[in-house]
Amino acid sequence: MEIDLDLILQTFFAEAEEQLLQMEEAAVALEVRPEDPELPAEIFRVVHTIKGNASSLGLDALAALCHETEEPLARLRRGEAAVNPGFVAALLAAVDALRRLLREAAAGRTAGVEALPPSRPARTLRVDLDKLDRLLDLTGEIAVARGRLAAALGNPEISRPELLEIHAALDPLHEELQESVTELRLVAVGPLFRQQIRTLRDLAQEQGKLSRLVLEGEEVEVDAAVAEHLRDPLTHLVRNALDHGIEPPEERRRAGKDPCGRVTLRAYHASGHLVVEVEDDGAGPGRARIEARVRELGLASEPERLADADLYRLVFDAGFSTAETVTGISGRGVGLDVVRRQVDALRGSAALAGRPGEGTTVTLRLPLTLAIIDGLAVGAGGETFVLPLDRVVECVAMPDEERGSGRASGLLPLRGSALPYLRLSELFGLGSGAVPARENVIVVETEEGTAGIAVDAVHGKSQTVIKPLGRLFQDVQGISGSAVLGNGRVALILDVPALLREAVRREAGAAPSP
């Protein structure tokens, strides 16, 4: 029987990454509970398993390092050694070294696999077999229904209503197939959250602080692609919570707090979205410092008059930082704007709230899947665009005095207030000079505010399968993806938060973003 060594290697790499994360979590827990006999036994089992698998695959350097790591663990289990900070630090250093060797092997840079280098790292998911069985049943049912439709199309005596009825029988099967595939992609956020245990531990030691990570909602599920892209924003927010939020132990004691700070990662579902909260019990937002920085950057002329929610929203702007000194993670002007850009790319939103002395909470609101959205198709300059339907508030007619004005942006009266708007055809240089018979303004909303997008036509709503953009278009402002329409043409999916900020920026008189 032919053995697929590449598949075996990819499976080993994926499982070993998970095992190293398990080892890392147990090592950090051992620092807190040095008397727990189960933790050294768990770490030993993980190392021994990786050692045996690596040895059988010819990854000798990895197996040798595992063997070296086993020795102090064996002494600990025999009672010949004790747990101390140095022991835990050595264990974590071993985890880092093992992870480095593992990734070098996965990249084909290890002698044992250079003669059979693996292809690009596999993206894998564990799937319940019952779910796969249902998928197989569905494909069989769809094949029967398609056969019935093909036979009907070849029958000249069949009536049109009968054809439509046979065709309609495919719809529920297709919808169930789509739901089943979407469900297959769901993963729990627990493993993603637990990766931050080490992040918090290392930074706390570096800064001389005490902190623990509390996880809530580990069982909550989200699309694997969303989880994958959420890793970097979470790491940034956890580091930010400790660096800017959690006070030094002595300062916390003076304030009557537990000297050990708490950072909580929380996940739950709300209105068809995943909500992730990063909460700390630290010093809370320093409003005075934020106001001073807002004034310095020219983000608002009178920041002291802004409500908390409006003021704190500005901390996500590029270059915003209240750090007074430059450290490894603060004071370089690279702040929460990084998080906002990454969350925007996921079609999500970010908000900050908190109270002085009580802590800060950053809330991320994200779609459950990146593959399919409910979209509103609109036309501008002869092209079709798609707006995510969850951003659309309403559709209103463009006033006659504004219709065909050719302005790229402006203000519209809407129920007693001024609505900034962008004309889509002018924004993307699609204007033909002809005045459309009717213009509509799609009112869209994010946590940052409301704006209008002027379009030539509204085609209607439908479910849209999102396709990634090519490299040429990845940095185009206002575009987040593409979709293939029923007529075979390609429509661009609009990035609503970016368009809204552009509308507000233009109306404020600032130069448009490149």
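The values are calculated or read from the model by the stated rules, or taken from the named source; none is laboratory data. The shown structure was predicted, so the numbers you read here are calculated from the model rather than taken from an experiment. Reconstructed Cβ throughout: ideal geometry from the backbone, glycine too, with neighbour counts over all protein chains shown. SASA here: full protein model, heavy atoms, side chains in, ligands and nucleic acids out. Shrake-Rupley method; radii C 1.70, N 1.55, O 1.52, S 1.80 Å.
Worth pointing out:
- Of all residues in region 415-440, those satisfying the criterion of being under 17 Å from Ala498 (Cα atoms) and either at pLDDT below 80 or part of a strand (DSSP E or B) (or both) are Leu419, Pro420, Tyr421, Leu422, Arg423.
- For region 204-250, residues that are among the hydroxyl-bearing types (Ser, Thr, Tyr) and either over 29 Å from Val187 (Cα atoms) or more than 12 Å from the chain's Cα centre (by Cα) (or both) total 1.
- Cβ-Cβ contacts under 6 Å between residues 6 or more apart (or on different chains), taken from a first residue in region 293-313 that is closer than 20 Å to Val362 by Cβ to a second residue that is open to solvent by 50 Å² or more (accessible area, probe 1.4 Å) and aromatic (Phe, Trp, Tyr), are absent.
- Once region 296-314 is narrowed to residues that are at pLDDT 85 or above and more than 21 Å from Val338 (Cα to Cα), the residue that is least open to solvent (accessible area, probe 1.4 Å) is Pro303.
- Odd one out for Arg77 among (1) open to solvent by 40 Å² or more (accessible area, probe 1.4 Å); (2) at pLDDT 90 or above: (2)
Yes/no per residue for (1) open to solvent by 10 Å² or more (accessible area, probe 1.4 Å); (2) assigned to a loop (DSSP other than H, G, I, E, B); (3) at negative phi:
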residue	(1), (2), (3)
Asp344	yes, no, yes
Thr360	yes, no, yes
Leu366	no, no, yes
Leu370	yes, yes, yes
Val386	no, no, yes
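- Residue satisfying condition, being under 24 Å from the mean Cα position of the chain (by Cα) and at pLDDT below 85, within set Leu366, Leu370: Leu370
- Of the candidates Ala90, Ala94, the single residue that is touching a Ser or Thr at 6+ places or on another chain (Cβ under 7 Å), at pLDDT 90 or above and in a helix (DSSP H, G or I) is Ala94.
- Only one entry in Leu412, Leu499, Leu492 is of a type in the set (A, V, I, L, M, F, W, C), open to solvent by less than 30 Å² (accessible area, probe 1.4 Å) and modelled with pLDDT of 85 or more, namely Leu412.
- Qualifying residue in region 354-369 (condition: in contact with a Phe, Trp or Tyr (Cβ under 8 Å, 6 or more places away or on another chain) and in contact (Cβ under 8 Å) with a residue 40 or more places away in the chain): yes
- Filter result for Ala151 (open to solvent by less than 70 Å² (accessible area, probe 1.4 Å), among the small types (Gly, Ala, Ser) and modelled with pLDDT under 90): no
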